[in-house]
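The structure appears below as C-alpha cells.
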Amino acid sequence: MGEGHRATSMDALGRLSPEAFAAAGKLPLRFVLDNLRSGLNVGSVFRTADAFRLEGIDLCGYTARPPHRDILKTALGATDHVPWRGHVDAVAAIRSLQKEGIKVFALEQASASTALDQWSPAAGVHWAVVLGNEVRGCSEDVLNAVDGVLEIPQFGVKHSLNVSVAAGMVCWQAFRSMGAPEGS
C-alpha cells in the first residue's frame, strides 16, 4: 500500500447486520429483472442492490430465483436480506408497481429515451428500472408499459453493457440525484 493508506477492518467500515439492513432506510429504487438468462448476473444485481441499499428486486419470467447456485455464487449472501418477489410476467409486475405509485422506467436503447446522466430521479418518489434479457433487451410490451426509457450513452462497436454493470450505473446515478439512503 502507498503512504498514507492503512488497512481498515470490515467492522470499521460500518457494515450493517442483515437485521439492521432490514430496518434501515432504503434508496427508493428497485430493479425489475425480465428474463435474465444468467444466474450470475442476477446474483450481481442482488449484490449491487445490497451495496446501495435498494428497496428490492422483482424477478420476472424465466429469471432464476434464489437459492439458485449461480445467484448465490455472485450475490455473496445478499439474497438473505435484499427483498425480492417473483412474477410470471414483467408487464404484470410493472402494472402492479405503477398501482403502488412507483414510476417505472426501462433501461434500453430506444427513441425518445433519456440519457442516464440526464436522469434526475427526485427524492421522495419511488422508482423501478427494468433490466431486460442480456441478448434481446426489453420487449416491446415492456417498453409500451413503462413510464419512460433510460439509455446509457455508448460510443464503442458493441453498444451494449453487461446487465450487472448497467445496474451499477443506474444505482450510481440514482445516488447522485437522491443522495444516500436515510440513516447512512
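The values are calculated or read from the model by the stated rules, or taken from the named source; none is laboratory data. Just so it is clear, the model here is predicted, and its values are computed rather than measured. So basically every Cβ, Gly included, is an ideal-geometry build from the backbone, and we count neighbours across all protein chains shown.
Worth pointing out:
- The residues of region 39-76 that are over 15 Å from the mean Cα position of the chain (by Cα) and hydroxyl-bearing (S, T, Y) amount to a single one, Y62.
- Selected residue (criterion: nearest to C138 (Cα to Cα)) from residues of region 1-60 that are modelled with pLDDT under 95 and surrounded by 15 or more Cβ atoms within 10 Å (Cβ to Cβ): F21
- Applying the condition of being touching a residue at least 40 places away in the same chain (Cβ under 8 Å) and in a strand (DSSP E or B) to region 103-117 and asking which residue is surrounded by the most Cβ atoms within 10 Å (Cβ to Cβ) yields A106.
Residue-wise test of (1) within 19 Å of L36 (Cα to Cα); (2) exposed (fewer than 13 other Cβ atoms within 10 Å of the Cβ); (3) in contact (Cβ under 8 Å) with a residue 24 or more places away in the chain.
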position	(1), (2), (3)
A78	yes, no, yes
R85	yes, no, yes
A90	yes, no, yes
G101	no, yes, yes
W119	no, no, yes
A128	yes, no, yes
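- Subset of region 52-73 [under 27 Å from M178 (Cα atoms), outside any strand (DSSP E or B) and not charged (D, E, K, R)]: F52
- Scan of region 146-180 for residues that are under 12 Å from V129 (Cα atoms) and not in a helix (DSSP H, G or I), ordered by number: V146, D147, G148, V149, L150, E151
- Restricting G137, G183 to residues that are small (G, A, S), over 14 Å from the mean Cα position of the chain (by Cα), at positive phi and at pLDDT below 95 narrows the list to G183.
- Scanning region 129-139 for residues that are within 22 Å of G179 (Cβ to Cβ) and not in a helix (DSSP H, G or I) turns up at least one hit.
- So V163, is it crowded, with 21+ Cβ neighbours inside 10 Å, touching a helix residue (DSSP H, G or I) at 6+ places or on another chain (Cβ under 8 Å) and farther than 23 Å from G39 by Cα: no
- Residue that is at pLDDT below 95 and either within 18 Å of S177 (Cβ to Cβ) or not charged (D, E, K, R) (or both), where the choices are A123, A115, A106, A92: A123
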